[in-house]
Amino acid sequence: MNTRIALLAAACTLALAACGDKSPATPDTTAAATAPTEAVETAPADTAAPAEAPAAVDAAAPAPAATALGSDKPAAVVADCATEIEGTDAMQFNVGSIVVPASCTEFKITLKHTGTMPVAAMGHNVVITKAADMQAVAAEGMGAGAAAAYVKADDPRVIAHTSLIGGGETTSVSFAVSKIKDGGPYEFFCSFPGHSALMKGTIAVE
C-alpha cells in the first residue's frame, strides 16, 4: 500500500514538472513573434526621409528665369561729330540709339556690314526720318527698288540716307544737325524690305 502511494506521488511530481516546462515556452515564442513586427513598422519611417531632398531643388528652379530681362542695345559711340554702326546677316544693328552732340553742325554716320551675304539677299542701309514717317517711307521705298537703295526719289520726309551695301562693305552719309534739332522724335532704320521691323533706333540731339 505504501509502495502504491509512493508511486502515485512520483507520477504526480513528474506530471507537474512536465507542465512547468511547457508554460515558460509560450511567452518566449510570443516575444520572438512580436520582434520582427516592430522592425517592419520602423522601416518606412527611415526610407521616407530622403524624399524631402528633391522638393528643395525644385523650389530653387525658377531663379534663372529672372535673368531674362534687360536686353536693350547700347548707344552708338560718338566722337568728332561722327559714329560708326554695324549691320549683320542676322538683320540687326549693333546699336539702339545715336546721340548727336548739340555742338555739332554736321554729323556723319558710317555703316559697316559685318556679314557675308550679298546685297540682293541681305542688303543694309541707314535712313533717317521722323518716327511718325518711318513706316510710310519704308513701305514706299520698296517700290523704288534696290537700285534706289529702297528709298523713294526726292522724298521730303527723308532727312538723310546711305547707299545699300552687302556683306563686307562700308558706306556713309553726312547731314546738317539742324535738320533733327526740332520736330522729332527721329529714327534711323534700314529700308531693305522687311528689315525696318528689327533694324531701327532713335537719333536725337543733346
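The values are calculated or read from the model by the stated rules, or taken from the named source; none is laboratory data. Here the structure is a predicted model, which is why all the values come from computation and not from measurement. No Cβ is skipped: glycine too gets one built from the backbone with ideal geometry, and neighbour counts run over all protein chains shown. Accessible surface areas use protein heavy atoms only, side chains included; no ligands, DNA or RNA. Shrake-Rupley method; radii C 1.70, N 1.55, O 1.52, S 1.80 Å.
The set of residues in the stretch 161-190 being touching a helix residue (DSSP H, G or I) at 6+ places or on another chain (Cβ under 8 Å) and either without any contact (Cβ under 8 Å) to a residue 40 or more places away in the chain or not hydrophobic (A, V, I, L, M, F, W, C) (or both) consists of GLY166, GLY167, GLU169, GLY184, PRO185, TYR186, GLU187.
Summed over the stretch 101-114, residues that are outside any loop (DSSP other than H, G, I, E, B) and surrounded by 13 or more Cβ atoms within 10 Å (Cβ to Cβ) total 7.
Scanning the stretch 115-152 for residues that are under 22 Å from THR202 (Cβ atoms), aliphatic (A, V, I, L, M) and assigned to a helix (DSSP H, G or I) yields a count of 7. Restricted to the stretch 142-195, and to residues that are hydroxyl-bearing (Ser, Thr, Tyr) and touching a strand residue (DSSP E or B) at 6+ places or on another chain (Cβ under 6 Å), which residue is surrounded by the most Cβ atoms within 10 Å (Cβ to Cβ)? Going through the qualifying residues, I end up with SER191. Applying the criterion of being more than 20 Å from the chain's Cα centre (by Cα) and not β-branched (Val, Ile, Thr) to the residues of the stretch 78-90, the residue that is farthest from ALA204 (Cα to Cα) is ASP89. Can we say ASP133 is within 35 Å of the chain's Cα centre (by Cα), within 21 Å of GLY184 (Cβ to Cβ) and either at pLDDT 95 or above or surrounded by 15 or more Cβ atoms within 10 Å (Cβ to Cβ) (or both)? Judged against the criteria, ASP133 is a match.
In the stretch 196-206, of all residues being open to solvent by 20 Å² or more (accessible area, probe 1.4 Å) and not aliphatic (A, V, I, L, M), the one that is farthest from VAL95 (Cα to Cα) corresponds to GLU206. Taking the stretch 134-160 as the region of interest, how many residues are over 19 Å from PHE93 (Cβ atoms) and touching a residue at least 12 places away in the same chain (Cβ under 8 Å)? Selection size over the stretch 134-160: 7. Among the residues making up the stretch 73-100, those that are assigned to a loop (DSSP other than H, G, I, E, B) and at negative phi are LYS73, PRO74, ALA76, VAL77, THR88, ASP89, ALA90, GLN92, ASN94, VAL95, GLY96.
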